[in-house]
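Chemist: One structure, pasted below without further comment.
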Amino acid sequence: YCLASFGTLFIRTAFRVNHLGQAGYGDAGVLHAVQRLQQTGVIYRDTSRDVPALYGPMLYAILAVPGRFVTVANPLLLPRLIVFGAFLLCIATVVSIAHKLIPHPYWLWSVPLALSFSAMVEWVVQLRGDFLAVLCALLALRLLLSDSSRAVLAAGACAGLATQFKFTYVAALGTGFLWLLARRRWKDLAAFSLAGVLTSIGLYAAFMAREPKLVENVLALGKPIMDYAGAAAIVFHILQEPIALLGLTAICFLPWRPAGGWALLVTFLGVSFTVASIIALQAGGNMNYYFEFLFGLVPLAALGMMTVRRSPFTMAGLYLSALLLIFHVIPKAHKVVEFTRLPKLDAAHNRNLIALKAALRDRKVLSMDGDIALAASQIVLPDPFGAAQFERMGRLDLRPLAARIRGRDFDLVAVQEEAETYRGIPLLSPTLRNAIEQAYRPYCAMDGAVLLLARGSPAGSELAARLAALGCNVSACDSGSACRSW
């Protein structure tokens with residue numbers, strides 16, 4: 001199971017790291033904020049006129065660093081390497097925690113187990129703050145386990161830093177406070193709390209001196225659209241992970257001490273799962289909210305390997321192994337075979353985007369497709385889903401953009417080929433959809449997107465000729481159904 005999981009992770013990551021398009025939905029929005037920081041020194045803008053930047057300021061600051069010194073053809077490459085590096089450091093840190101808690105060589109199982117979460121395969125090179133935040137939280141736990149008063153101050157600082165990447169990562173702060181309180185280590189509790197406050201609230205206050213719009217951006221989801229069924233589906237998916245089931249089962253076999261190291265880890269799991277489940281209720285939530293919880297389960301899963309091996313229930317073990325093989329190993333092995341086709345597909349996709357970028361170099365483009373948005377000379381709407389969500393919440397007015405669309409202000413509009421929704425929210429705002437339908441007509445289909453030209457523009461225009469020369473499928477819009485489902 002671990003080998004099959006690692007195979008999917010390795011192949012998927014290797015051929016997405018230098019992908020010219022998005023590794024996952026939302027990359028264009030984060031990159032747009034990073035580039036804005038590099039060019040203007042400002043991250044956060046007025047949320048009534050722009051889609052809020054929801055992550056903490058430290059994420060954008062760190063991702064912007066490489067671009068100040070090195071220029072590469074793919075602007076996504078260096079930020080992705082930072083996120084992937086944080087993922088690897090998360091694994092190293094959680095393995096160190098397992099080594100500390102499990103004196104038996106079975107702690108070594110934590111290495112392959114930490115590389116076996118199917119929920120993370122699509123996320124390890126996406127431009128998100130989760131792995132950087134989780135790394136800080138895990139470092140805080142590891143420092144607390146060292147039982148050194150000197151390390152407590154650093155643990156508090158790390159726990160506070162986690163909130164700088166995403167303010168909802170408060171589990172390490174809460175866990176450290178409760179654990180030190182249970183052990184009645186009053187001086188250490190004071191030191192941990194002080195360091196945590198300084199690197200969480202203190203750093204946010206320092207950033208606010210330069211970013212007056214910070215609070216209204218990171219708290220833009222204060223009154224969210226709730227989706228309880230979607231949140232339950234995410235939890236169900238997370239708990240289907242075999243390692244999650246193994247780790248939760250191992251809690252029953254813990255060498256339990258209320259103030260011991262395992263108590264720290266279990267408290268962390270409880271706090272992180274609770275926080276994740278609460279914030280996942282909003283309609284924009286996804287599986288990445290539970291990464292902190294999943295990493296925390298790794299030492300328990302390694303302990304579970306030992307307890308299951310010593311269990312007398314041989315037939316039950318064989319039955320569970322058969323289920324693991326049928327429902328997890330075989331599908332993962334099949335996915336590894338599928339992913340071997342990625343190099344050719346990715347190379348073709350990159351060639352198309354390079355050619356499209358050259359064709360659109362002097363054109364005004366509005367794209368609802370993230371990959372084409374990255375190929376345009378300017379990103380007008382970095383997060384169409386976020387725009388639809390905040391419009392429904394009454395936090396964003398898209399009518400000015402819709403007026404520009406009706407006025408045919410753009411030479412080209414790109415939309416996704418299929419009309420999609422996520423947790424009940426359309427990926428394209430109805431306000432913008434109506435404006436596009438009135439002012440633009442589908443011209444051709446390319447790489448899962450429909451490209452539209454202004455109504456009344458000549459069929460033989462220079463831009464139309466450029467698109468046709470790229471191999472954009474004109475006949476799909478003339479006679480097929482591909483351009484009618486957007």
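Chemist: Take the conditions in a loop (DSSP other than H, G, I, E, B), open to solvent by less than 40 Å² (accessible area, probe 1.4 Å), within 25 Å of ILE11 (Cβ to Cβ) and of a type in the set (D, E, K, R) and apply them to ARG128. Does it pass?
Modeler: yes
Chemist: When the residues of segment 394-420 are filtered to those that are of a type in the set (A, V, I, L, M, F, W, C) and open to solvent by 40 Å² or more (accessible area, probe 1.4 Å), which remaining residue is farthest from ALA445 (Cα to Cα)?
Modeler: Only one residue tops the list, namely ALA403.
Chemist: Of the residues GLN416, GLN389, which single one is modelled with pLDDT of 90 or more and under 25 Å from CYS472 (Cα atoms)?
Modeler: GLN416 is the lone residue from the list that is modelled with pLDDT of 90 or more and under 25 Å from CYS472 (Cα atoms).
A quick yes/no check of all residues on (1) out of contact with any strand residue (DSSP E or B) (no Cβ under 7 Å at 6 or more places or on another chain); (2) buried (at least 19 other Cβ atoms within 10 Å of the Cβ); (3) of a type outside the set (Lys, Arg); (4) touching a residue at least 24 places away in the same chain (Cβ under 8 Å):
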position: TRP186; (1), (2), (3), (4): yes, no, yes, no
position: ALA220; (1), (2), (3), (4): yes, yes, yes, yes
position: LYS223; (1), (2), (3), (4): yes, no, no, yes
position: ALA231; (1), (2), (3), (4): yes, yes, yes, yes
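Chemist: Could you list, in sequence order, the residues of segment 241-261 that are within 21 Å of ILE278 (Cβ to Cβ) and open to solvent by 60 Å² or more (accessible area, probe 1.4 Å)?
Modeler: Going residue by residue through segment 241-261, those that are within 21 Å of ILE278 (Cβ to Cβ) are 241, 244, 248.
Residue satisfying the conditions is LEU248 alone.
Chemist: Go through (1) farther than 20 Å from ARG80 by Cβ; (2) open to solvent by 50 Å² or more (accessible area, probe 1.4 Å) and name the single condition PHE15 misses.
Modeler: In the conditions (1) farther than 20 Å from ARG80 by Cβ; (2) open to solvent by 50 Å² or more (accessible area, probe 1.4 Å), PHE15 misses (1) alone.
Chemist: A follow-up question, please. Can you tell me which of (1) among the hydroxyl-bearing types (Ser, Thr, Tyr); (2) under 17 Å from TYR290 (Cα atoms); (3) open to solvent by 40 Å² or more (accessible area, probe 1.4 Å) is the one SER146 doesn't meet?
Modeler: (2)
Chemist: Just to be sure I understand, how many residues within segment 354-364 are outside any helix (DSSP H, G or I) and either open to solvent by 10 Å² or more (accessible area, probe 1.4 Å) or at pLDDT below 90 (or both)?
Modeler: Count: 4.
Chemist: Quick check on GLU241: is it within 19 Å of the chain's Cα centre (by Cα), farther than 24 Å from THR421 by Cα and not hydroxyl-bearing (Ser, Thr, Tyr)?
Modeler: Taking the combined requirement at face value, the residue satisfies it.
Chemist: Out of curiosity, is TRP262 within 30 Å of LEU320 (Cα to Cα), assigned to a loop (DSSP other than H, G, I, E, B) and either at pLDDT below 95 or not aliphatic (A, V, I, L, M) (or both)?
Modeler: no
Chemist: Quick check on my filter: what residues within segment 20-51 are assigned to a loop (DSSP other than H, G, I, E, B) and more than 16 Å from the chain's Cα centre (by Cα)?
Modeler: LEU20, GLY41, VAL42, ILE43, TYR44, ARG45, ASP46, THR47, SER48, ARG49, ASP50, VAL51
Chemist: Same structure again: Could you say whether any residue in segment 57-74 is open to solvent by less than 40 Å² (accessible area, probe 1.4 Å), basic (Lys, Arg) and in a helix (DSSP H, G or I)?
Modeler: Within segment 57-74 (the criterion being open to solvent by less than 40 Å² (accessible area, probe 1.4 Å), basic (Lys, Arg) and in a helix (DSSP H, G or I)), the answer is no, since none of the residues qualifies.
Chemist: Mind checking which residues of segment 442-486 are touching a residue at least 60 places away in the same chain (Cβ under 8 Å) and either part of a loop (DSSP other than H, G, I, E, B) or farther than 16 Å from ALA358 by Cβ (or both)?
Modeler: ASP447, GLY448, ALA449, LEU470, GLY471, ALA482, CYS483, SER485, TRP486 - these are the residues of segment 442-486 that are touching a residue at least 60 places away in the same chain (Cβ under 8 Å) and either part of a loop (DSSP other than H, G, I, E, B) or farther than 16 Å from ALA358 by Cβ (or both).
Chemist: While we're looking at this one, here's another question. For segment 170-180, how many residues are under 16 Å from GLY261 (Cβ atoms) and surrounded by fewer than 20 Cβ atoms within 10 Å (Cβ to Cβ)?
Modeler: Total satisfying the criteria: 1.
Chemist: Working only within segment 365-389, note down all residues that are among the polar types (S, T, N, Q) and under 17 Å from ALA419 (Cα atoms). I'd like the intermediate steps shown before the answer.
Modeler: As a first pass, look at segment 365-389 and keep what is among the polar types (S, T, N, Q): 367, 377-378, 389.
Listed by number, the residues that qualify are SER367, GLN389.
Chemist: Looking at segment 18-38, which of its residues are of a type outside the set (A, V, I, L, M, F, W, C), closer than 20 Å to HIS349 by Cβ and open to solvent by 40 Å² or more (accessible area, probe 1.4 Å)?
Modeler: Once the filter is applied, which keeps residues that are of a type outside the set (A, V, I, L, M, F, W, C), closer than 20 Å to HIS349 by Cβ and open to solvent by 40 Å² or more (accessible area, probe 1.4 Å), segment 18-38 yields ASN18, TYR25.
Chemist: Of all residues in segment 330-357, how many are closer than 16 Å to ASP369 by Cα and basic (Lys, Arg)?
Modeler: Total satisfying the criteria: 1.
Chemist: Before we move on, is ALA316 in a helix (DSSP H, G or I), at pLDDT below 75 and open to solvent by less than 90 Å² (accessible area, probe 1.4 Å)? Write out each step before concluding.
Modeler: Details: in a helix (DSSP H, G or I): yes; at pLDDT below 75: yes; open to solvent by less than 90 Å² (accessible area, probe 1.4 Å): yes.
Yes.
Chemist: Another question, if that's okay. Anything in segment 86-138 that is in contact (Cβ under 8 Å) with a residue 40 or more places away in the chain, farther than 14 Å from LEU294 by Cα and among the small types (Gly, Ala, Ser)? List them, or say none.
Modeler: Those that are in contact (Cβ under 8 Å) with a residue 40 or more places away in the chain, farther than 14 Å from LEU294 by Cα and among the small types (Gly, Ala, Ser): ALA86, SER96, GLY129.
The values are calculated or read from the model by the stated rules, or taken from the named source; none is laboratory data. These figures come from a predicted structure and were not determined experimentally. Every residue, glycine as well, gets a Cβ built from its backbone with ideal geometry; the counts of neighbours run over all protein chains shown. For accessibility, only protein heavy atoms count, side chains too; no ligands or nucleic acids. Shrake-Rupley method; radii C 1.70, N 1.55, O 1.52, S 1.80 Å.
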